[in-house]
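Heads up: the structure comes next, in structure tokens.
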Amino acid sequence: MDVESLLIGSILLLVGIALLTAGGRKLRTLLRLRADDPVPIGDAPYEENPVEVEGTVETVASDKPLESPFMERDCVAYEYKIEEKRRSGGHNKSSSWRTVESGEESQPFVLTDDSGRAHVIPDGADLSLESERQRDSLFSEYLPDNVSIGGGFSLGGFSLGGGRKRYTEERLDVGEDAYVYGEASHNASDVDADVTLSLSEDVPKFLISDTSAAGTQRRYLLSGGGLALLGGLLTIVGAIAVSGAL
């Protein structure tokens, strides 16, 4: 028995299965999104759930917008990630990017179109947002107060120490067009809106995207198909390696 080939094959097999599973989830979501078309927001309370709507993002009248951590844009949701380049290995040193800090924040907002207004409560939603990378350098500008990472120190308005870092954020900006897939219910809050969109156990998916319904479907097709394809290849290679090692 070739123990090394068996170990490598088993790892490839497990990674392949994990990627196939992740890709399958995305492709199942794609099928759900393709089942129906977006409806006018004013009609959403009378449609069978889940519903799909598109519109323009506004803040709730009583709320101030969030400020994204790196680009400092007015938004209602963001996710961020800080990665550091680290070296590993002996003589044949290799380097890779490792996440050293990540986080997210969101707040209720209003989605509007010509037919009405929807009060969107994003708690528990899957966010599909475009990524934007700000920096990739040894000396990065000092981070805002709401983002900090360990290691290094600050001097003269700059953060020093550690390896090269890159900063990525995803946002849903105020004034941006968005797409929401989820449960619609008659608005029961004090927000000026015709309908509330939120997470529900009765609806299999709650999704908020910063592009159109068609654009969101393309994202899921590309990411889900890519993961499934790579997972399938690794699974086949791993199975062959395991079979040959036994």
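The values are calculated or read from the model by the stated rules, or taken from the named source; none is laboratory data. These numbers were taken from a predicted model, which means no experiment stands behind them. Cβ atoms come from the backbone with ideal geometry, glycine included; neighbour counts cover every protein chain shown. We work out accessible area using only protein heavy atoms, side chains counted, and drop any ligands, DNA or RNA first. Shrake-Rupley method; radii C 1.70, N 1.55, O 1.52, S 1.80 Å.
So here's what we get for this one:
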item	result
Per-region count, the range 102-112, residues open to solvent by less than 50 Å² (accessible area, probe 1.4 Å) and either over 16 Å from S68 (Cα atoms) or among the charged types (D, E, K, R) (or both)	3
Single condition K26 does not satisfy, out of (1) out of contact with any helix residue (DSSP H, G or I) (no Cβ under 8 Å at 6 or more places or on another chain); (2) open to solvent by 50 Å² or more (accessible area, probe 1.4 Å)	(1)
The range 29-57 - residue that is without any contact (Cβ under 8 Å) to a residue 12 or more places away in the chain and under 28 Å from L227 (Cβ atoms) and, of those, most open to solvent (accessible area, probe 1.4 Å)	L31
Count - residues of the range 43-66 that are of a type in the set (G, A, S) and closer than 18 Å to S212 by Cα	2
Filter result for S243 (under 21 Å from Y80 (Cβ atoms), part of a helix (DSSP H, G or I) and modelled with pLDDT under 95)	no
Criterion violated by V191 - all others in (1) at pLDDT below 90; (2) out of contact with any Pro (no Cβ under 8 Å at 6 or more places or on another chain); (3) not small (G, A, S) satisfied	(2)
Residue list for the range 169-199, filter: among the β-branched types (V, I, T) and assigned to a loop (DSSP other than H, G, I, E, B)	V174, V191
All positions within the range 1-28 that are at pLDDT 90 or above and β-branched (V, I, T)	I11, V15, I17, T21
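Table: residues versus (1) of a type in the set (K, R); (2) modelled with pLDDT of 90 or more; (3) surrounded by 13 or more Cβ atoms within 10 Å (Cβ to Cβ).
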{"residue": "S137", "(1), (2), (3)": "no, no, no"}
{"residue": "G157", "(1), (2), (3)": "no, no, no"}
{"residue": "G161", "(1), (2), (3)": "no, no, yes"}
{"residue": "R166", "(1), (2), (3)": "yes, no, yes"}
{"residue": "T196", "(1), (2), (3)": "no, yes, yes"}
{"residue": "T235", "(1), (2), (3)": "no, yes, yes"}
